[in-house]
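This report concerns only the one structure given below.
FYI, it's all coordinate maths here, none of it is from the lab. Small disclaimer: the values here were computed from a predicted structure and weren't measured. Please note: Cβ atoms are built from the backbone with ideal geometry, for glycine as well, and neighbour counts cover all protein chains shown.
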Amino acid sequence: MFKQWNMLLVILTYALVVFGTFLTRSGVFSSVHAFSQSAIGPMFFAFIGITFIASVALLIYRWKDLRAEVEMTSFFSREAFFLLNNLLFMGVLIVCFWGVVFPLISELVTGQKVTVGPPFYQRANGPLFGALMALMGIAPLSAWGRSTYKTLGRALWKPSIPSVIVPVVLAILGIRNWIALVGFTLVAFVIFVTIHEFWRGVRTRQKKANENFLVALRQLTGRNRRRYGGYLIHLSMVVMAIGILGIEVYQTTTQKTLAVGEDIQIAGYTIRYNSLAQYPSTEGRFVTRASMSVFRDEKFLGNLYPRYDYYTTSGQTMTVAGVRSTLADDLYVVLVNWEKVSLSQAPFKVYHNPLINWLWVGSLMFIFGFLVATWPDREEEKQQGKI
Amino acid sequence: MKTKNIVLLIFYFLLLAAAFVPADAASAQQPTPSDDEVNAIARQLYCPVCENIPLDVCPTTACHQWRELIQQMLAEGKSEAEIKQYFVDYYGARVLSEPPVTGINWLVYIVPPVAFLAGVYLLFRAFQAWKRQAKESEMGVDHPDSPGSNPESSEGFRSAEDDKYVARLEEELKKR
């Protein structure tokens, strides 16, 4: 299915990975990874050009042979959603690619460099990722080939109801930011759809084989690894989305120079500056380390030790933040080495990152889902004559 | 005595005038702006040397001086827009985190949505072509394995799919 499209994506993936390496390594962008004083740039560019043009030429040559044997009768079929999903990913690609190369184009045409910074990507990619999440909820319920809005609607309404309740509850709890409301609604929608799909499969097995819930779940997942591994990956993506929503919508930061005994307040936390120590350490480092105590509602939560290490031989400084991580939030304290630091007073920059650790939980779930989906299937291999 | 009256009159006049001074001018006499006030503007600016590092977290001496300049301008009562414009006038539009919507810079905002909409149009056309193709093949040759050629009504399709799913489960259970 979609062979032409598939080949195009393969070619683009290879070309863009090499192009990204070219941009940082050749010195087009200033980067610590650039090859210093090397003539590799033009050769590198020629290599990208030749491989890309040759690949596209071969694709055009074989275009007719790769024609898809598609039988798609509905805009609501799984194939249609699959293509829409691809289009959204291509949209993200266009935004990122254009944002990266536009400063070069601008410099080439007008001689003026411009910066395309985070606000551009956030504004342009936010809605695309929102749409991708919506598709993650809808697409698994559509059928291959033929599916109508009626059949899709019938499959969707059950998991949709609790998803609609979520924004209402959040609004009652005081959340007014519309990006958070839409985002968490989509998260809830995908979670409910996925749970509903698992539940449907498990119930069918329970009815037919009289298995208990856990056995039915294991059998169901074990025998349909790709399908249910895929669902686990969907779940992991929305768990990651929780972390991204937390940091994008609710991150706060503050900076203050503190004398010993003074404190910084942020998001209900009080961070008190206790002392500063400066001492030589191993590997030619000279360490400047602060000691800070964290409180919430006057309850002591622990100490943090933000520091920066000065490497005397290279003259480089490395900042090591003091971090307190929970599933609810991260408290990230930086001893600001670019302002004046003394034993009596020091500047600190504090970030409060709500929900950010769900990004890591989601990443672990993603790996698990990937393993479930791709673990070799003995029965399938037997059928293919490999065993 | 007369001189004393004149001095008092001037004093009262100044006191009265102070009450009517606009808020902007009042802020000019405020104490040193906080780091947070400086950073709120600094994080929107990029110095020409430290590529892609926002000013609020850039450790170089030059950026430190820029932050001091922002602090000084805030203390003078300059607005955020005025401060940003000052840096644009001196160092060009590249100090801003996004290009201003002028000249060729329009392209940065126009190209992604236009390309995306073109993609939507192409996809729509492809869908239409495939639908037509499927209809033609349905009228011509019937593929028994293809869900597209299933003669069942579309309403019944979901249940047909469910049946297939149940049948597969039953088959798997028999194998155990």
Determine ³J(HN,Hα), in whole Hz, for all residues of the range B:107-115 in sequence, where each value follows from phi through the Karplus function 6.51 cos²θ - 1.76 cosθ + 1.60 and θ = phi - 60°; x replaces Gly and Pro.
4, 4, 8, 8, 4, x, x, 5, 4
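Mind scanning A:64/B:131; A:3/B:131; A:349/B:84; A:150/B:131 and naming the pairs with a C-alpha gap bigger than 21 Å?
On the way: A:64/B:131 19 Å; A:3/B:131 18 Å; A:349/B:84 23 Å; A:150/B:131 18 Å.
The pairs that break the limit, which is 21 Å between Cα atoms, are A:349/B:84.
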Take peptides A:233-243, A:128-138 and line them up by average Cβ neighbours within 10 Å, highest first, as a rough protection proxy.
A:233-243, A:128-138
If packing is taken as the average number of other Cβ atoms within 10 Å across a peptide's residues, how do A:275-281, B:104-110 rank, most packed first?
B:104-110, A:275-281
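For chain A, what does the helix formula give at 222 nm: sum of -39500 (n - 2.57) over DSSP H segments with n ≥ 4, over the residue count, nearest 500 deg cm²/dmol? Spell out each step's value before the answer.
Working: 10 runs with 215 residues, N = 387.
Result for chain A, helices only: -19500 deg cm²/dmol.
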Can you work out the FRET efficiency for the pair residue A:10 and residue A:172, with r the C-beta to C-beta distance and R0 = 41 Å, to the nearest 0.05?
0.25
Taking a crude spin-label model, label points 7 Å out from Cα along the C-beta direction, the residue B:137 to residue B:117 distance in nm is 3.4
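Work the Kirkwood hydrodynamic radius out for the range A:250-358: mean of 1/r over every pair of different alpha-carbon atoms, inverted, in Å. Let's see the in-between values first.
Details: mean 1/r = 0.0699 Å⁻¹.
Hydrodynamic radius (Kirkwood, Cα pairs) of the range A:250-358 is 14.3 Å.
Using DSSP H assignments, which helices in chain A have an axial alpha-carbon span of 18 Å or above and a mean Kyte-Doolittle hydropathy of 0.0 or higher? List each step's numbers first, then the result.
Values: long enough: A:3-25 (33 Å, 1.10); A:40-61 (31 Å, 2.16); A:78-110 (46 Å, 1.62); A:118-138 (29 Å, 0.57); A:149-172 (33 Å, 0.97); A:178-209 (46 Å, 0.70); A:225-250 (37 Å, 0.81); A:358-374 (23 Å, 1.90).
Those that clear 18 Å and a mean of 0.0 are A:3-25, A:40-61, A:78-110, A:118-138, A:149-172, A:178-209, A:225-250, A:358-374.
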Which whole number gives the average count of other chain Cβ atoms within 10 Å of the Cβ atoms across peptide A:292-301?
0
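By how many nm would the segment from residue B:34 to residue B:129 grow when fully extended, if each residue of separation counts as 0.36 nm and the alpha-carbon distance is taken off? All intermediate terms of the calculation are to be shown ahead of the outcome.
Details: separation 95, 0.36 × 95 = 34.20 nm, distance 6.25 nm.
Value of the extension gain: 27.9 nm.
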With an 8 Å Cα cut-off and a minimum separation of 6 or more residues, compute the relative contact order for chain A in percent.
12
What average count of beta carbons from other chains do you get within 10 Å of the Cβ of residues in A:109-115?
6
Label-point gap, in nm, between residue A:209 and residue B:68 - each point 7 angstrom along Cα→Cβ:
7.4
Where in the range A:293-307 does the amide nitrogen come within less than 13 Å of the point 7 Å from the Cα of residue A:265, taken along Cα to Cβ?
A:296-298
